[in-house]
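Undergrad: Sharing a structure here in structure tokens format.
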Amino acid sequence: MQTLFTPTQLENPKLAEANKILRSCVHCGFCTATCPSYQVLGDEADSPRGRIYAIKEMLETGRPADKQTVTHIDRCLSCLACMTTCPSGVNYMHLIDQAREYVEQTYKRPLMDKMLRSVLAFILPYPARFRLALYCARMMRPLAFVMPDRRLRAMIELAPKSIPKASLSDHPQSFAPMDGPAKYRVALLTGCAQKVLDPKINDATIRILTRLGCEVVIAGGMGCCGALRHHMGKGDGAREQAAENIDAWLGVKHQGGLDAVIINTSGCGTTVKEYGHLFTGHSRAAEAAEISGLACDITEFLRKIGLPEGARKSVRVAYHAACSLQHGQKIKDAPKDLLKRVGFEVVQPKDSHLCCGSAGTYNMLQPEISGELRLRKQESLVACKADVIAAGNLGCMTQIAHDSDLRVVHTVELLDWALGGPRPEGFPASP
């Protein structure tokens, strides 16, 4: 793609990066075949190629973002399926993130839009606030139909009917290996929304890691990975949250070494692995890159250290590949291979490369598109005729289970069960 940035513009490192990304695009349109928003809307402007053209024009001219451009950028899920498909290696992730930050700096959003985004950024990254908000949403559920904005209704409808008790494993502490000296020392990102909505995932992760000889550290001072603010274009806020985690995990390393930062929510994993890029040009770039190099998805780490084989089980598992895992981190086979290794029969649904529509806060900010993608994903999973659905991301789990009878658990819960842990909640006594 030809670009027309001036030499003065290219002195700006961000614009220089955007220029390089834009020039790698060859207009082939392969991305449209795997773009979820384009599949639903059928509008070229809502495809990666269409957004690339809009971003190019906006950045080249230096004009403030307008309503039309913002509408199409907001409809992007950041599922990154386009990057998996692209034959030219276009780094759409870095381009769309830069565009969102530019929108945040130059566009005056309508009052309701601005308020909703501010509320989400104020609540979701903080477990205590999030828990309180969920209780309020539960009480408002009977009145959801009178809410003036569809997005408000979506937020209320997504609130779970019951909120689990907080896990004791969420607090800063260290878990010793179950047997013998530690073979590895790892830090676990416990997440923000996950520790409120489904703390069993972290509990299962700790059990399986300590069973395999790991010392697991829950670092003091650790918080939200910064993904939510980052994908809303709030770059400074995302870096503040990331810096807190960098300090926390480097503290763990300095106190006794650190072999990996384990992440069991794939959206967070994609963000932490991008800390090095997020801090490009900052004084802490080297430290951020070090943490990015230590970040591992739980299935990535388990395959690295090895799992014992298990006896064949009469349980059919439909594996849902989270976009942030298969496209963002390029981890495709590890979860399925591990499930098969411990004895499960594993199947994958049709169009497994397409997003379920969760995408962080997307199912609250773009409920119509998200709802259509959810229905498509649920239909493909039902067709698998599986006993349970496994996924590596809490957002996907919540989205797929919404308004359905599908049983969805985290991949690590099934692995933990197969290796001696408790049966996942809600699973039949004799599957």
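Undergrad: Would you point out which residue out of Lys183, Lys108, Lys161, Lys114 is in contact with a Cys (Cβ under 8 Å, 6 or more places away or on another chain), at negative phi, basic (Lys, Arg) and surrounded by fewer than 16 Cβ atoms within 10 Å (Cβ to Cβ)?
TA: Among Lys183, Lys108, Lys161, Lys114, only Lys183 is in contact with a Cys (Cβ under 8 Å, 6 or more places away or on another chain), at negative phi, basic (Lys, Arg) and surrounded by fewer than 16 Cβ atoms within 10 Å (Cβ to Cβ).
Undergrad: Exactly one of (1) free of Cβ contacts under 8 Å to residues at least 24 places away in the same chain; (2) surrounded by fewer than 20 Cβ atoms within 10 Å (Cβ to Cβ) is unmet by Tyr38. Its number?
TA: (2)
Undergrad: Could you say whether any residue in the stretch 6-14 is crowded, with 18+ Cβ neighbours inside 10 Å, under 26 Å from Gly360 (Cβ atoms) and in contact with a helix residue (DSSP H, G or I) (Cβ under 7 Å, 6 or more places away or on another chain)?
TA: No: zero hits.
Undergrad: In the stretch 41-54, what residues are touching a helix residue (DSSP H, G or I) at 6+ places or on another chain (Cβ under 9 Å) and surrounded by fewer than 21 Cβ atoms within 10 Å (Cβ to Cβ)?
TA: Answer for the stretch 41-54, where residues must be touching a helix residue (DSSP H, G or I) at 6+ places or on another chain (Cβ under 9 Å) and surrounded by fewer than 21 Cβ atoms within 10 Å (Cβ to Cβ): Leu41, Asp43, Glu44, Ala45, Gly50, Tyr53, Ala54.
Undergrad: Oh, and also: Tell me, which residue of the stretch 56-98 that is polar (S, T, N, Q) and part of a helix (DSSP H, G or I) is farthest from Gln399 (Cα to Cα)?
TA: That would be Thr61.
Undergrad: Still on this model: So for the stretch 274-287 (the condition being in the same structural domain as Val216 (by TED's automatic domain parsing), part of a helix (DSSP H, G or I), touching a helix residue (DSSP H, G or I) at 6+ places or on another chain (Cβ under 6 Å) and charged (D, E, K, R)), does at least one residue qualify?
TA: The answer is yes; a qualifying residue exists.
Undergrad: Quickly run through the stretch 17-35 and pick out the residues that are within 14 Å of Thr61 (Cα to Cα) and free of Cβ contacts under 8 Å to residues at least 24 places away in the same chain.
TA: Answer for the stretch 17-35, where residues must be within 14 Å of Thr61 (Cα to Cα) and free of Cβ contacts under 8 Å to residues at least 24 places away in the same chain: just Asn19.
Undergrad: Filter the stretch 291-309 down to residues that are surrounded by fewer than 18 Cβ atoms within 10 Å (Cβ to Cβ) and out of contact with any Lys or Arg (no Cβ under 6 Å at 6 or more places or on another chain) and give me whichever is farthest from Ala182 (Cα to Cα).
TA: Step by step, filter the stretch 291-309, then rank; the result is Gly293.
Undergrad: (1) part of a helix (DSSP H, G or I); (2) outside the structural domain of Pro87 (by TED's automatic domain parsing): which one isn't true of Thr3, the others all being true?
TA: (1)
Undergrad: Can you tell me which of Val216, Val196 is in contact with a Phe, Trp or Tyr (Cβ under 7 Å, 6 or more places away or on another chain) and modelled with pLDDT under 95?
TA: Only one candidate qualifies: Val196.
Undergrad: State whether the residues of the stretch 127-135 include one that is touching a residue at least 60 places away in the same chain (Cβ under 8 Å), surrounded by 13 or more Cβ atoms within 10 Å (Cβ to Cβ) and over 30 Å from Ser167 (Cβ atoms).
TA: no
Undergrad: Here's something else I'd like to know. Looking at Ala295, Ala248, Ala260, Ala238, which one is among the small types (Gly, Ala, Ser), touching a residue at least 24 places away in the same chain (Cβ under 8 Å), outside the structural domain of Lys330 (by TED's automatic domain parsing) and touching a Cys at 6+ places or on another chain (Cβ under 6 Å)?
TA: Ala260
Undergrad: Check whether at least one residue in the stretch 31-39 is under 23 Å from Pro110 (Cα atoms) and assigned to a loop (DSSP other than H, G, I, E, B), and report yes or no.
TA: no
Undergrad: Filter the stretch 376-424 down to the residues that are over 18 Å from Leu339 (Cα atoms) and either assigned by TED's automatic domain parsing to the domain that holds Ile263 or among the acidic types (Asp, Glu) (or both) and list them by number.
TA: Within the stretch 376-424, Glu379, Asp403, Asp405 qualify.
Undergrad: Search the stretch 312-343 for residues being basic (Lys, Arg) and within 21 Å of the chain's Cα centre (by Cα), and hand back the single one that is surrounded by the fewest Cβ atoms within 10 Å (Cβ to Cβ).
TA: Here the answer is Lys330.
The values are calculated or read from the model by the stated rules, or taken from the named source; none is laboratory data. Note that this is a predicted model, so its numbers are computed, not measured. As a convention, Cβ positions derive from the backbone with ideal geometry for all residues, glycine included, and neighbour counts pool all protein chains shown.
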